[in-house]
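J.: Starting off with a structure, shown below.
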Amino acid sequence: MSSSTEAATPVATETTGGADGLRTLYYARFGFAIVWTGLLALTASALTPFGIALLVVYPLFDVAAAVVDFRSSGSARPRAPLYANMALSLLAGIGVAVAATSDIPSVLRVWGAWAITAGIVQLVVAIQRRRLGGQWAMILSGGLSAVAGSTFVLQAGGADASLTAIAGYAAVGGVFFLISAIRLHLRAAAAR
């Protein structure tokens with residue numbers, strides 16, 4: 001009996017450590033998204049150098065967050081989807097930088113494609129992590145990201161192409177990260 005208890009302890013500790021790491025990462029992602037949203041909203045009417053830098057930084061921050069997630073999430077680490085997320089976000093950062101040399105509709109198309117694919121990956125990761133708790137918001141966020149991405153692509157073809165919707169997208173995503181962080185926090189507190 002003691003051997004089964006000892007075998008279960010590392011898994012429980014690793015899962016708890018993974019949830020703790022995710023909670024901290026989710027709080028950081030919320031803070032980043034809210035600050036980024038406010039800054040982008042100030043420059044959303046045109047492609048200024050500052051606005052372009054913000055647009056490139058967001059997917060690069062996502063790459064960094066995926067790396068931190070990969071290193072800190074222990075057994076809750078879905079390897080292939082996190083690698084896919086890193087690659088998609090890096091490509092999005094490069095794509096946005098190139099598209100920004102053209103016009104807002106080009107940026108919306110690249111951002112939309114990234115939102116669709118990254119949303120699907122987020123959905124897969126959240127489903128794989130559902131046993132950790134706090135993942136329903138990530139599941140919802142992934143699905144909404146795919147829908148929002150489609151909207152960005154459609155908006156790029158219209159006369160009302162604007163970066164304002166991207167700011168709103170980031171804010172909503174940040175709120176979902178906050179909800180998941182709080183849920184993980186409450187679950188950890190209840191387990192003590």
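The values are calculated or read from the model by the stated rules, or taken from the named source; none is laboratory data. The shown structure was predicted, so the numbers you read here are calculated from the model rather than taken from an experiment. Protein only, heavy atoms only, side chains kept; ligands, DNA and RNA dropped before computing areas. Shrake-Rupley method; radii C 1.70, N 1.55, O 1.52, S 1.80 Å.
J.: Give me the percent of the accessible area of the range 62-133 that comes from carbon and sulfur atoms, probe 1.4 Å, all protein chains in place.
T.: On the way: 2170 of 3130 Å².
Answer for the range 62-133 is 69 percent, counting heavy atoms of protein chains only.
J.: Sticking with this one: Would you indicate which of (i) 17.2; (ii) 20.1; (iii) 18.9 is the value of Kirkwood radius over Cα pairs in Å derived from the coordinates of this structure?
T.: Comparing each candidate, only (i) matches the computed number.
J.: Quick one: angle between helix 79-99 and the longest Cα principal axis of the chain, in degrees between 0 and 90, rounded to 10, please.
T.: Computed tilt is about 20 degrees.
J.: Rounded to the nearest Å, what's the spacing between the alpha carbon centres of the range 90-105 and the range 109-157? Just the number, please.
T.: 19
J.: Under 25 °C and 0.890 mPa s, how fast does the range 141-192 diffuse according to Stokes-Einstein, given a Kirkwood radius computed over C-alpha pairs? Answer in µm²/s, whole number. The partial results should precede the final answer.
T.: Numbers: Rh = 12.8 Å.
Result for D is 192 µm²/s.
J.: Mind pulling the angle between the C-alpha long axis of helix 164-191 and the longest principal axis of the chain? Nearest 10 degrees, somewhere in 0 to 90.
T.: Helix 164-191 sits at roughly 10 degrees to that axis.
J.: May I pose another question? Once the Cα atoms of helix 49-72 and of the chain are each reduced to a long axis, what angle between those two axes, in degrees from 0 to 90 to the nearest 10, is obtained?
T.: It is inclined by approximately 20 degrees.
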